[in-house]
């Protein structure tokens, strides 16, 4: 869709160029959502791609993913480090409500900052306990959990002028066993629920992340693998289920219970 109110596009070359962000001036990464609907209040785009961020930086500490990395780049990240959680990258990319053409332009950071409940990058990086590096408008830096960055349906903890720079996934999370489930009302429809489990072999802790079915990511943590009853009770205790065209709240709760139990059983096998 044409943004016919835009009269200026600024190719950012340094962090200083981001000082132009504010009312009517917004960041441009892939643009797959930005150009999908009318935005008459926007008059300036600040292009983040011209900053030239490396999509991935791998170190002994883990993986740093640039906010401008595309879903295609993430889905094809080589599996050459022995990360048990590696399959989750591709699995979550397949939850995007969009074709391969969208994968080529849609960015990790854009998907998270749009903050749709069904955002698969929010699901992925929340499940891996990733931290988001935020460049604050005042020049400071802050890291916050991705699960806390998205606060509700299309809302985040970002302030005006803030920019999501990257996502850091710790090596320990990458070494965890994971299990993924997605359900939608139609085969290629927007996710009604995305449920991801992660078992940490170091301390044998278990975390279940529920998203798409809730207005923000919900995480359930256990010191060890829970019983079926414990897990069900915890899921039923979530209070942020919602209803829209992609599923009713009671259906979302019910299917999350079923998918959560499937994940518990799968990761029980992995733990053994």
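Exactly one condition in (1) out of contact with any strand residue (DSSP E or B) (no Cβ under 8 Å at 6 or more places or on another chain); (2) within 30 Å of residue 267 (Cβ to Cβ); (3) in a helix (DSSP H, G or I) is not met by residue 96; state its number.
(3)
Does residue 209 satisfy the criteria of being part of a helix (DSSP H, G or I) and closer than 28 Å to residue 82 by Cβ?
Working: part of a helix (DSSP H, G or I): no; closer than 28 Å to residue 82 by Cβ: yes.
For residue 209, the condition - part of a helix (DSSP H, G or I) and closer than 28 Å to residue 82 by Cβ - is not met.
Among (1) surrounded by fewer than 16 Cβ atoms within 10 Å (Cβ to Cβ); (2) over 20 Å from the mean Cα position of the chain (by Cα); (3) at pLDDT 95 or above, there is one condition residue 272 misses while meeting the rest; what is its number?
(3)
For residue 126, all conditions in the list (1) within 29 Å of residue 243 (Cβ to Cβ); (2) more than 13 Å from the chain's Cα centre (by Cα); (3) not in a strand (DSSP E or B) hold save one; what is the number of the exception?
All conditions are met except number (2).
Answer yes or no as to whether residue 30 is assigned to a loop (DSSP other than H, G, I, E, B), touching a strand residue (DSSP E or B) at 6+ places or on another chain (Cβ under 7 Å) and crowded, with 20+ Cβ neighbours inside 10 Å.
Details: assigned to a loop (DSSP other than H, G, I, E, B): yes; touching a strand residue (DSSP E or B) at 6+ places or on another chain (Cβ under 7 Å): yes; crowded, with 20+ Cβ neighbours inside 10 Å: yes.
The answer is yes for residue 30.
Go through segment 49-72 residue by residue and tally those that are part of a helix (DSSP H, G or I) and either within 15 Å of the chain's Cα centre (by Cα) or closer than 28 Å to residue 201 by Cβ (or both).
The qualifying residues number 2.
Please go through segment 73-93 and pick out each residue that is assigned to a loop (DSSP other than H, G, I, E, B) and under 16 Å from the mean Cα position of the chain (by Cα).
Residues satisfying the conditions are 85, 86.
Evaluate segment 100-112: report whether one residue or more is under 26 Å from residue 266 (Cα atoms) and in contact with a strand residue (DSSP E or B) (Cβ under 8 Å, 6 or more places away or on another chain).
No: zero hits.
The values are calculated or read from the model by the stated rules, or taken from the named source; none is laboratory data. What you see is a predicted model, and the numbers here were worked out from it, not measured in a lab. Backbone-built Cβ (ideal geometry, glycine too); neighbour counts: all protein chains shown.
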